[in-house]
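What follows is a short report on a single structure.
The values are calculated or read from the model by the stated rules, or taken from the named source; none is laboratory data. Just so it is clear, the structure is predicted and the values come from calculations on it, not from any experiment. All Cβ positions, glycine included, derive from the backbone under ideal geometry; neighbour counts span all protein chains shown.
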Amino acid sequence: MSTDNKEAELALTDQVVASFANTRDERLRTLMQSLVRHMHAFVREVEPTEAEWMTAIRFLTDTGKMCDDLVRQEFILLSDTLGVSMLVDAINHRYATGATDTTVFGPFYIRGMPERAYGENMAFSPGTPALVHGRVLSTDGTPVVDAVLDVWQTAENGMYSGQDTAQPHGNLRGRFRTDAEGRYAISTIVPVSYPIPTDGPVGRMLDATGRHPWRPAHLHFMIDAPGHRTLVTHLFDENDRYLNSDAVFGVKPSLMVAYRERAADHELGRRFGFKGPFREAHYDFALDRS
Ligand code: BEZ
Ligand code: FE
């Protein structure tokens with residue numbers, strides 16, 4: 001390639017960057033100019049053929065077509081599987097404050113799920129019975145009263161209610177409130193590992209690159225409390241085989257819990273109405289004050 005051509009390529013980048021010079025919103029100007037510089041550098045590095053460029057356009061078009069307002073957001077799934085969601089999460093929670101670690105929100109949250117009493121069962125499909133309990137504290141150790149823990153997990157078939165319309169409304173979902181000592185208790189089933197949706201372009205990308213779609217077993221939490229910052233996180237089963245290869249890179253060591261075997265006559269089983277053996281997971285959350 002002639003030096004002239006190379007210079008023209010570099011001049012094109014400068015020209016596009018300069019076209020945003022009059023953007024009134026300074027942050028938008030920074031974002032657009034940086035985006036152009038990075039995209040041009042990427043294109044310069046990989047030197048796509050025109051057919052490859054068209055494949056990329058089709059991939060992004062298909063990704064958009066796979067999005068709806070309710071249960072499917074293929075662009076978030078793409079961001080998750082490329083580690084972008086966890087990078088944004090890390091950048092926004094850079095400083096250790098003593099609060100519980102955060103992780104990806106995921107696309108399967110549904111607002112307005114039933115309010116449930118302390119220790120109430122939220123599982124209306126089969127599974128290994130489990131009690132998940134502990135406390136919600138401020139980072140200084142003070143119990144947080146009236147924190148709302150919005151929780152969701154998949155059924156044993158690896159699907160969330162809402163995603164799987166055969167499940168009863170509110171199955172494995174609910175809003176639990178802490179008591180006067182900041183305690184919460186959830187009767188549920190032990191979560192299972194499950195594959196993220198693979199019937200769209202993200203599934204094709206995982207397949208073409210030899211990656212698996214599995215997430216380690218987890219229970220989702222969004223915890224809101226007066227005077228505190230909202231916490232979005234999961235608790236992972238510490239024995240799951242996918243902990244080291246989560247398809248969306250969401251695992252943090254501080255978020256692993258044991259589901260301990262408990263006999264039918266265990267004191268907690270009697271207190272929470274378990275009819276036979278069950279598992280117990282215990283975890284205390286710490287929230288930042290706002
Ligand atoms: C989830 O855990 O629900 C999830 C997170 C990211 C992508 C897909 C699913
Ligand atoms: Fe999940």
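On the stretch given as region 160-171, residues that are buried (at least 19 other Cβ atoms within 10 Å of the Cβ) and within 12 Å of ligand 1 (Cβ to nearest atom) total 1.
Does residue 236 count as within 29 Å of the chain's Cα centre (by Cα), among the aromatic types (Phe, Trp, Tyr) and assigned to a strand (DSSP E or B)? Spelling it out, residue 236 is indeed within 29 Å of the chain's Cα centre (by Cα), among the aromatic types (Phe, Trp, Tyr) and assigned to a strand (DSSP E or B). Does residue 150 meet the test of being modelled with pLDDT under 95, within 19 Å of the chain's Cα centre (by Cα) and among the acidic types (Asp, Glu)? Considered against the rule, which asks whether it is modelled with pLDDT under 95, within 19 Å of the chain's Cα centre (by Cα) and among the acidic types (Asp, Glu), residue 150 comes out as no. Whether a residue is modelled with pLDDT of 95 or more, under 26 Å from residue 210 (Cα atoms) and either surrounded by 12 or more Cβ atoms within 10 Å (Cβ to Cβ) or out of contact with any Asp or Glu (no Cβ under 6 Å at 6 or more places or on another chain) (or both) was assessed, and residue 103 passes this test. Per this entry, residue 198 is not counted among residues that are assigned by TED's automatic domain parsing to the domain that holds residue 154, polar (S, T, N, Q) and loosely packed, with under 15 Cβ neighbours inside 10 Å. A Cβ distance below 9 Å, combined with a sequence gap of six or more or placement on separate chains, defines the contacts here; from region 23-36, residues that are closer than 11 Å to residue 13 by Cα reach residues that are surrounded by 13 or more Cβ atoms within 10 Å (Cβ to Cβ) and of a type in the set (Ser, Thr, Tyr) in the pairs 33/23; 36/13. If I filter region 179-186 for residues that are surrounded by 17 or more Cβ atoms within 10 Å (Cβ to Cβ) and within 15 Å of ligand 1 (Cβ to nearest atom), do I get at least one hit? Looking for residues that are surrounded by 17 or more Cβ atoms within 10 Å (Cβ to Cβ) and within 15 Å of ligand 1 (Cβ to nearest atom), one finds none in region 179-186, hence no. Within region 50-93, restricting attention to residues that are away from ligand 2 (no atom under 16 Å from the Cβ) and among the small types (Gly, Ala, Ser), the residue that is surrounded by the fewest Cβ atoms within 10 Å (Cβ to Cβ) is 51.
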